[in-house]
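Below is one structure, written out as C-alpha coordinates; comments come after it.
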Amino acid sequence: QVQLVESGGGLVQPGGSLRLSCAASGSISSIHVMGWYRQFPGQQRDMVALITLDNKAVYADSVKGRFTISRDNAVNSVYLQMNSLKPEDTAVYYCGFPVGLSMNWGQGTQVTVSS
(Lines give C-alpha, C1' and ligand atoms only; values in the text may rest on other atoms or scores of the structure.)
Protein backbone atom coordinates (compact mmCIF):
# COMPACT_ATOMS: atom_id res chain seq x y z
CA GLN A 1 0.00 0.00 0.00
CA VAL A 2 1.23 3.47 -0.88
CA GLN A 3 2.26 5.44 2.18
CA LEU A 4 1.92 9.20 2.33
CA VAL A 5 4.12 11.65 4.19
CA GLU A 6 3.13 15.29 4.56
CA SER A 7 5.55 18.13 5.23
CA GLY A 8 5.70 21.89 5.11
CA GLY A 9 3.47 22.82 8.00
CA GLY A 10 4.43 25.29 10.67
CA LEU A 11 3.68 28.62 12.28
CA VAL A 12 2.89 31.56 9.99
CA GLN A 13 1.47 35.02 10.53
CA PRO A 14 -1.94 35.99 9.15
CA GLY A 15 -1.62 36.92 5.50
CA GLY A 16 1.39 34.67 5.06
CA SER A 17 1.94 31.64 2.86
CA LEU A 18 2.91 28.01 3.24
CA ARG A 19 3.41 25.20 0.77
CA LEU A 20 2.51 21.72 1.92
CA SER A 21 3.97 18.67 0.26
CA CYS A 22 2.74 15.10 0.22
CA ALA A 23 5.26 12.47 -0.83
CA ALA A 24 4.01 9.03 -1.76
CA SER A 25 6.09 5.89 -1.30
CA GLY A 26 4.91 4.52 -4.63
CA SER A 27 3.47 5.62 -7.93
CA ILE A 28 0.45 7.90 -7.90
CA SER A 29 0.04 7.85 -11.67
CA SER A 30 -2.92 5.50 -11.39
CA ILE A 31 -4.60 7.26 -8.46
CA HIS A 32 -7.45 9.17 -10.04
CA VAL A 33 -8.16 11.61 -7.23
CA MET A 34 -5.82 12.86 -4.53
CA GLY A 35 -6.68 15.45 -1.99
CA TRP A 36 -5.85 17.62 0.95
CA TYR A 37 -8.07 17.62 4.00
CA ARG A 38 -7.93 19.36 7.35
CA GLN A 39 -9.14 18.66 10.81
CA PHE A 40 -9.93 21.19 13.51
CA PRO A 41 -9.71 20.05 17.14
CA GLY A 42 -12.70 17.95 18.06
CA GLN A 43 -14.15 18.00 14.57
CA GLN A 44 -14.26 15.67 11.60
CA ARG A 45 -11.78 15.79 8.75
CA ASP A 46 -13.01 18.01 5.92
CA MET A 47 -12.01 18.29 2.30
CA VAL A 48 -9.86 21.28 1.41
CA ALA A 49 -8.94 20.51 -2.21
CA LEU A 50 -9.02 17.61 -4.64
CA ILE A 51 -7.15 17.06 -7.88
CA THR A 52 -7.73 14.47 -10.61
CA LEU A 53 -5.23 12.76 -12.87
CA ASP A 54 -6.01 15.30 -15.61
CA ASN A 55 -5.41 18.14 -13.14
CA LYS A 56 -8.97 19.19 -12.58
CA ALA A 57 -9.27 20.71 -9.14
CA VAL A 58 -12.07 21.45 -6.74
CA TYR A 59 -11.85 23.51 -3.57
CA ALA A 60 -13.79 24.08 -0.42
CA ASP A 61 -15.54 27.44 -0.54
CA SER A 62 -13.50 28.66 2.43
CA VAL A 63 -10.21 28.37 0.54
CA LYS A 64 -11.18 29.24 -3.03
CA GLY A 65 -8.90 31.89 -4.49
CA ARG A 66 -6.32 31.41 -1.71
CA PHE A 67 -5.20 27.77 -1.98
CA THR A 68 -3.94 25.89 -5.02
CA ILE A 69 -3.55 22.14 -5.27
CA SER A 70 -1.17 20.52 -7.73
CA ARG A 71 0.35 17.13 -8.38
CA ASP A 72 3.54 15.87 -9.99
CA ASN A 73 3.15 12.23 -10.92
CA ALA A 74 6.79 12.04 -12.01
CA VAL A 75 7.92 12.47 -8.40
CA ASN A 76 4.83 10.96 -6.78
CA SER A 77 3.90 14.14 -4.95
CA VAL A 78 0.94 16.38 -4.32
CA TYR A 79 1.19 19.96 -3.13
CA LEU A 80 -0.98 22.59 -1.52
CA GLN A 81 0.04 26.21 -1.93
CA MET A 82 -1.69 28.25 0.74
CA ASN A 83 -1.72 32.04 0.45
CA SER A 84 -3.43 34.78 2.44
CA LEU A 85 -3.63 32.49 5.42
CA LYS A 86 -6.12 33.26 8.17
CA PRO A 87 -6.22 32.19 11.81
CA GLU A 88 -9.23 30.03 10.96
CA ASP A 89 -7.01 27.97 8.65
CA THR A 90 -5.23 26.63 11.73
CA ALA A 91 -5.63 22.85 11.64
CA VAL A 92 -3.88 19.58 11.01
CA TYR A 93 -3.65 19.04 7.26
CA TYR A 94 -3.73 15.56 5.76
CA CYS A 95 -3.05 14.20 2.32
CA GLY A 96 -5.21 11.30 1.25
CA PHE A 97 -6.84 9.26 -1.46
CA PRO A 98 -9.70 6.80 -1.54
CA VAL A 99 -9.06 3.07 -1.40
CA GLY A 100 -12.32 1.28 -1.95
CA LEU A 101 -14.72 2.56 0.67
CA SER A 102 -11.97 3.84 2.97
CA MET A 103 -9.21 6.43 2.78
CA ASN A 104 -5.46 6.16 2.77
CA TRP A 105 -4.08 8.97 4.94
CA GLY A 106 -0.75 10.44 5.76
CA GLN A 107 0.19 11.31 9.33
CA GLY A 108 -0.74 14.96 8.94
CA THR A 109 1.11 18.23 9.36
CA GLN A 110 0.16 21.05 11.72
CA VAL A 111 -0.51 24.49 10.30
CA THR A 112 -0.85 27.32 12.79
CA VAL A 113 -1.75 30.83 11.67
CA SER A 114 -1.16 33.30 14.45
CA SER A 115 0.46 36.64 15.14
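The values are calculated or read from the model by the stated rules, or taken from the named source; none is laboratory data. In this text, all values refer to a predicted model and were calculated from it rather than measured experimentally. In this analysis, Cβ positions are derived from the backbone assuming ideal geometry, glycine residues included, and neighbour counts consider all displayed protein chains. Please note that ligands, DNA and RNA were not included when accessible areas were found on the heavy atoms of the full protein model with its side chains. Shrake-Rupley method; radii C 1.70, N 1.55, O 1.52, S 1.80 Å.
Pairs linking a residue in the range 43-54 that is within 15 Å of VAL78 (Cα to Cα) and of a type in the set (A, V, I, L, M) to a residue that is assigned to a loop (DSSP other than H, G, I, E, B) and open to solvent by 30 Å² or more (accessible area, probe 1.4 Å), with Cβ atoms under 9 Å and 6 or more positions apart or on different chains, are VAL48/SER62; LEU50/LYS56; LEU53/SER29; LEU53/SER30; LEU53/HIS32.
Every residue, every condition in (1) hydrophobic (A, V, I, L, M, F, W, C); (2) surrounded by 17 or more Cβ atoms within 10 Å (Cβ to Cβ); (3) at pLDDT 95 or above, yes or no:
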position	(1), (2), (3)
GLN1	no, no, no
VAL48	yes, yes, yes
THR52	no, no, yes
ALA57	yes, no, yes
LYS64	no, no, yes
PHE67	yes, yes, yes
SER70	no, no, yes
ASN83	no, no, yes
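Output the residue which, of all residues in the range 85-115 that are without any contact (Cβ under 8 Å) to a residue 60 or more places away in the chain and open to solvent by 70 Å² or more (accessible area, probe 1.4 Å), is nearest to GLY9 (Cα to Cα). Ranking the qualifying residues of the range 85-115, first place goes to GLU88. Considering only residues in the range 23-46 that are under 16 Å from ALA91 (Cα atoms) and in a loop (DSSP other than H, G, I, E, B), the one that is modelled with the lowest pLDDT turns out to be PRO41.
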